[in-house]
Amino acid sequence: MKNESVVIIGAGIIGLNVALVLAEQGYASQTTIIAEHLPGDTSINYTSPWAGANFSALSASDKNALRWDQLGYKHLLKLAAQDGMKAFVRETPSTEYWDEMPSRTKLDSMASYLKDVSRLPRSSAPIQVANMGKPQYKEIPQQDLPEGVACGVKFTTVTLNAPMHIRYLLQRLRQQYGVRVIRKKVSGVTSGFLSKDTKVVFNCTGNAARTLKGVEDPKCYPTRGQILLAKATHVNQNVMRHGKDYETYIIPRPHSKGNVILGGYMQKGVGLPDTLGDETESILSRTKALLPELESPETDILAAFAGLRPSREGGARVASEVVQVDDSERKGLVVHNYGAGGTGFQAGYGMAVDAVGCALNELEKLQAKPSL
């Protein structure tokens, strides 16, 4: 079947972004998504709905992570401007702090593209920057940083209503592009080769990549987080503090009538699906210290949730390999795209661009015509 030429295993933010990039490049009619869980579902084994989610400086400083961040930021800004309400994406003022100084490589990369205002020297008042047309951020002067903070920046971030955004993506892929979607649990990566017509399989299985037959990547591990969903209509800014062994954040959920995500935890190797009362109390204490306006009668805690970020030692894996499909001599191309950890919503589009690029030779053989 024509629409089985390209198959994506997984319908989290990573798989959905791969489908979107394929559709934008004209391969929608040849693409099928197969996944055990789809947007609208909730499961501890389906991470994307539990995300904050936003663009933040949480990611690593390696060349791939920096490039994926930049591509993702530009994509999300465009989406916010063109379809923000339907996509549940919005520009949001942001302040981020680090307890330990981040690499200059990281800060310089961010400064080259993040949107907003002029840069502040560390020990002086605001000054005008000659090229105001270039998007820049500002670093917070040392004397204005909270106690225990080594570095802080302000910029315009993009926040997302995670469960609604992935529902938007799925609906768009189906209705605008005609991508086929099948609810199905696969036992191995070669199960993605649905028929003899399948030429490329994208493995976007997140945490399952550790145990999925044919992948079984020992570098994969879950990173548990716990978050609180709060009603706080008076909070309209993103604030984050990156500690050595903790993460504290306040992330407004766009177009949710005032909901805010409070977090959190980064528990490497922990797969516990439960939510814990003492962690709830810690989150409340830390977020109120970070943003005192949360200490208000207008703040109403609605629920606590846990999620397992799909992490990987050494960073995300975006790479292709030729595999034997079955007992015959048939070979097929698998493109692996997993291990984004807590950066899937901000880096996912950039990762998808690279993943699709890995399959370009095979895709071009399909002689796809642009989708309408």
**Request:** Could you give me the residue pairs with C-beta distances under 8 Å whose first residue belongs to the range 144-157 and is within 24 Å of Tyr113 (Cβ to Cβ) and among the hydroxyl-bearing types (Ser, Thr, Tyr), whose second residue is open to solvent by 30 Å² or more (accessible area, probe 1.4 Å) and not in a strand (DSSP E or B) wherever it lies, and which are 6+ apart or on separate chains?
**Result:** Thr156/Lys115; Thr156/Asp116
**Request:** Could you give me the residue pairs with C-beta distances under 7 Å whose first residue belongs to the range 33-62 and is more than 19 Å from Thr92 (Cα to Cα), whose second residue is in a helix (DSSP H, G or I) and β-branched (Val, Ile, Thr) wherever it lies, and which are 6+ apart or on separate chains?
**Result:** Pro39/Ile166; Ser48/Ile13; Ser48/Ile166; Pro49/Ile166; Ser61/Thr105
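If you scan the range 54-64, which residues turn out to be of a type outside the set (Ser, Thr, Tyr) and either surrounded by fewer than 22 Cβ atoms within 10 Å (Cβ to Cβ) or in contact with a Pro (Cβ under 6 Å, 6 or more places away or on another chain) (or both)? Explain how you work it out, then say what you get.
So in the range 54-64, the residues of a type outside the set (Ser, Thr, Tyr) come out as 54-55, 57-58, 60, 62-64.
Matches in the range 54-64: Leu58, Ala60, Asp62, Lys63, Asn64.
What do you reckon, is Val7 β-branched (Val, Ile, Thr), closer than 21 Å to Gln237 by Cβ and buried (at least 23 other Cβ atoms within 10 Å of the Cβ)? Working first, answer last.
Working: β-branched (Val, Ile, Thr): yes; closer than 21 Å to Gln237 by Cβ: no; buried (at least 23 other Cβ atoms within 10 Å of the Cβ): yes.
Taking the combined requirement at face value, the residue does not satisfy it.
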**Message:** Tally up the residues in the range 284-304 that are buried (at least 17 other Cβ atoms within 10 Å of the Cβ) and either assigned to a loop (DSSP other than H, G, I, E, B) or among the polar types (S, T, N, Q) (or both), please.
**Reply:** 3
**Request:** Quickly run through the range 265-294 and pick out the residues that are under 16 Å from Pro252 (Cα atoms) and not β-branched (Val, Ile, Thr).
**Result:** Leu284, Lys288, Leu290, Leu291, Pro292, Glu293, Leu294
**Message:** Tell me the residue from Ala306, Ala289 that is over 14 Å from Ala232 (Cβ atoms), in contact (Cβ under 8 Å) with a residue 60 or more places away in the chain and among the small types (Gly, Ala, Ser), please.
**Reply:** Ala306
**Fill in**
Of Leu272, Leu308, the only residue that is farther than 14 Å from Leu228 by Cα, of a type in the set (A, V, I, L, M) and either modelled with pLDDT under 95 or assigned to a loop (DSSP other than H, G, I, E, B) (or both) is Leu272
**Asked** Given the conditions (1) over 14 Å from Ala19 (Cβ atoms); (2) open to solvent by 30 Å² or more (accessible area, probe 1.4 Å); (3) without any contact (Cβ under 8 Å) to a residue 40 or more places away in the chain, and given that Gln175 satisfies all but one, which numbered condition is not satisfied?
**Response** (1)
**Asked** Is it true that Ala51 is within 30 Å of Leu363 (Cα to Cα) and open to solvent by less than 50 Å² (accessible area, probe 1.4 Å)?
**Response** no
**Message:** Residues that are within 17 Å of Thr205 (Cα to Cα), surrounded by 23 or more Cβ atoms within 10 Å (Cβ to Cβ) and among the polar types (S, T, N, Q): does the range 338-353 have at least one?
**Reply:** yes
**Prompt:** Which residues, taken from the range 71-103, are in contact (Cβ under 8 Å) with a residue 40 or more places away in the chain, open to solvent by 60 Å² or more (accessible area, probe 1.4 Å) and not aliphatic (A, V, I, L, M)?
**Reply:** Lys86, Arg90, Glu91, Pro93, Glu100
**Request:** Among the residues of the range 250-283, write down those that are within 16 Å of Ser94 (Cβ to Cβ) and open to solvent by 20 Å² or more (accessible area, probe 1.4 Å).
**Result:** Arg253
**Asked** Does the range 18-42 hold any residues that are within 23 Å of His75 (Cα to Cα) and open to solvent by 10 Å² or more (accessible area, probe 1.4 Å), and which are they?
**Response** Glu24, Gln25, Tyr27, Ser29, Leu38, Pro39
**Request:** State which residue is nearest to the chain's Cα centre (by Cα) when the search covers only the range 178-220 and only residues that are open to solvent by 50 Å² or more (accessible area, probe 1.4 Å) and without any contact (Cβ under 8 Å) to a residue 60 or more places away in the chain.
**Result:** Arg210
**Request:** Count, please, the residues in the range 238-249 that happen to be surrounded by 14 or more Cβ atoms within 10 Å (Cβ to Cβ) and assigned to a loop (DSSP other than H, G, I, E, B).
**Result:** 2
**Positions within the range 223-234 being open to solvent by less than 10 Å² (accessible area, probe 1.4 Å) and not in a strand (DSSP E or B), in sequence order** = Ala232
**Message:** I want to confirm something. Restricting to the range 154-209 and keeping residues that are touching a helix residue (DSSP H, G or I) at 6+ places or on another chain (Cβ under 8 Å), outside any helix (DSSP H, G or I) and small (Gly, Ala, Ser), which single residue is modelled with the lowest pLDDT?
**Reply:** Ser195
**Prompt:** Can you tell me how many residues in the range 4-21 are farther than 17 Å from Arg167 by Cβ and out of contact with any helix residue (DSSP H, G or I) (no Cβ under 6 Å at 6 or more places or on another chain)?
**Reply:** 1
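The values are calculated or read from the model by the stated rules, or taken from the named source; none is laboratory data. Predicted, not measured: the structure shown is a model, and the values here were computed from it. FYI the Cβ positions are ideal-geometry reconstructions off the backbone, even for glycines, and counts take in every protein chain you see. For accessibility, only protein heavy atoms count, side chains too; no ligands or nucleic acids. Shrake-Rupley method; radii C 1.70, N 1.55, O 1.52, S 1.80 Å.
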